[in-house]
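A.B. asks: Sharing a structure below in structure tokens format, with a few things to ask.
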Amino acid sequence: MSFTPCRGITQNITNNCQPRIKGFEQLGGIVDKRFIIAIGVVNNGIRELHLYNGFPIYNPRQSPKPFNGYKVEFNPETNCYKKTIQFYYEGIGAANAKNIIDSLKDNEFMIVIERKEKLNCAFIFIGAQNGLHVTEMVEDEDTGYWLITMETEEPASEISTDDTKIDMEDFINGEEINF
Amino acid sequence: MAFTPCSSLAGNIASDCTNPRIKGYESIGLIFRKKDVETFVVDATNSRIIKNLTFPAAPVKSVGIIYNPRQSPAHFNGTKTEFQLESNQFKKTVQFYYEGIGGINSFNVVEPLKNLNDYVIILERKDKRGDGSYQVFGWESGLTATAQVYDEETGYWLITMECEEPHSELTLFDTDYETTKAKFEEFKLLCY
């Protein structure tokens, strides 16, 4: 097979005169990677997804805004994109420590969040390639919540899917997603 | 025996809209040394829950009260739990002030806090939802003073105690808030 170098840009780098709607919806979903049976990413789009046992991440406050700390940074050393996602959790007590906080630090996850901008691909999949792990978790009574930061480094700068393909309600209620 | 990985996420990461979090701690906490605990009962299914503690019977004194009634700094302000990626543990910090001066208070309170590393502190949250209302720090690793600062401008010792523990939160909890509160009040009666 003949050698093919990486492809160049195939689109104009222009901004739309229609202003961007910024921010994320309050409801996201999280799934432990061990419950992802199959995932296929082609050209940064999810073409195949089979998972179950997802849970909601519900961040209704306006301060901090839902998933406010989400960012993507190119890391030239690894030639990958470092993705950071942040959310809060108000649960206290030993049961919540066991079921949520301690299990977050012990496993790898994929998180799906939804942009307010509904331009075809509103759902972003973070950790679909490498899996997210916790890098920071801080709780105090001044804020009254755990601020949880998860990170991953992945080759794709953003992975999304056609909005018609994922049913968030099924996903966050632990039901099987298969397309 | 078959390999079993660490347990996975088993709950929604969601706020309780009908029962919002009440922030802050009450003004009274308890401090004691783990070596002074005679017996303890830990929940069989969740080792983060301490169901009961017993101390030597009166007149032996083994529990200290930390009373921080000021509103500035707020009660036990500066207390926090932080995950440490390198050690894979949770660094727990408890901060309180102490207005005692003089050689006796230095000898009895300030210096022993830095000389030993098996202190346990129980703080009562203002949120009375049961599990989580009485937060226990230092049960697994033991707290020790890592910072103690006194000056005449504030008029108090600001004392910081720290430890690193494998579990994010331990609680004193038995059945419900009322039962747990009764135990906490019993422990208060054992104070110096």
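Coordinate-derived values only; no laboratory data. Only a predicted model underlies this, so the values are computations on that prediction, with no experimental measurement involved. Here Cβ is always computed from backbone atoms with ideal geometry, including for glycine, and neighbour counts include all displayed protein chains.
A.B. asks: Can you list residue pairs whose Cβ atoms sit under 7 Å apart, with the first residue in the stretch A:28-54 being within 14 Å of chain B (Cβ to nearest Cβ) and the second being β-branched (V, I, T) and surrounded by fewer than 18 Cβ atoms within 10 Å (Cβ to Cβ)? Count only pairs 6 or more apart in sequence or on different chains.
C.D. replies: Note: pairs meeting the criteria are A:L51/A:I37.
A.B. asks: Identify all residues within the stretch B:150-171 that are touching a Lys or Arg at 6+ places or on another chain (Cβ under 7 Å) and either without any contact (Cβ under 8 Å) to a residue 60 or more places away in the chain or not in a loop (DSSP other than H, G, I, E, B) (or both); write none if there are none.
C.D. replies: B:E162, B:C163, B:E164, B:E165, B:L170, B:T171
A.B. asks: Would you mind telling me which numbered condition in (1) at the interface with chain A (Cβ under 9 Å from one of its Cβ atoms); (2) of a type in the set (G, A, S); (3) assigned to a strand (DSSP E or B) B:A147 fails?
C.D. replies: (1)
A.B. asks: Can you tell me which of A:K71, A:K83 is more than 13 Å from chain B (Cβ to nearest Cβ), loosely packed, with under 14 Cβ neighbours inside 10 Å and touching a Ser or Thr at 6+ places or on another chain (Cβ under 6 Å)? Let's see the steps before the verdict.
C.D. replies: On the way: A:K83 fails: loosely packed, with under 14 Cβ neighbours inside 10 Å.
The unique qualifying residue is A:K71.
A.B. asks: Take the stretch A:21-67 and flag every residue that is among the hydrophobic types (A, V, I, L, M, F, W, C), surrounded by 14 or more Cβ atoms within 10 Å (Cβ to Cβ) and not in a strand (DSSP E or B).
C.D. replies: Listed by number, the residues that qualify are A:F35, A:F67.
A.B. asks: Taking the stretch A:113-134, which residues are touching a Gly at 6+ places or on another chain (Cβ under 8 Å) and outside any strand (DSSP E or B)?
C.D. replies: So in the stretch A:113-134, the residues touching a Gly at 6+ places or on another chain (Cβ under 8 Å) come out as A:113-116, A:121.
Hits for the stretch A:113-134 are A:K116, A:C121.
A.B. asks: Residues that are more than 12 Å from every other protein chain (Cβ to nearest Cβ), in contact with a helix residue (DSSP H, G or I) (Cβ under 8 Å, 6 or more places away or on another chain) and in contact (Cβ under 8 Å) with a residue 60 or more places away in the chain: list the strands (runs of 3 or more DSSP E) wholly contained in the stretch B:1-60 that include at least 2 such residues.
C.D. replies: B:25-33, B:49-54
A.B. asks: Also, quick follow-up: Check whether at least one residue in the stretch B:130-143 is assigned to a strand (DSSP E or B) and surrounded by fewer than 19 Cβ atoms within 10 Å (Cβ to Cβ), and report yes or no. I'd like the intermediate steps shown before the answer.
C.D. replies: Within the stretch B:130-143, the first condition is being assigned to a strand (DSSP E or B), and the residues that meet it are B:134-137, B:143.
From what's left, surrounded by fewer than 19 Cβ atoms within 10 Å (Cβ to Cβ): none.
No, because not a single residue in the stretch B:130-143 is assigned to a strand (DSSP E or B) and surrounded by fewer than 19 Cβ atoms within 10 Å (Cβ to Cβ).
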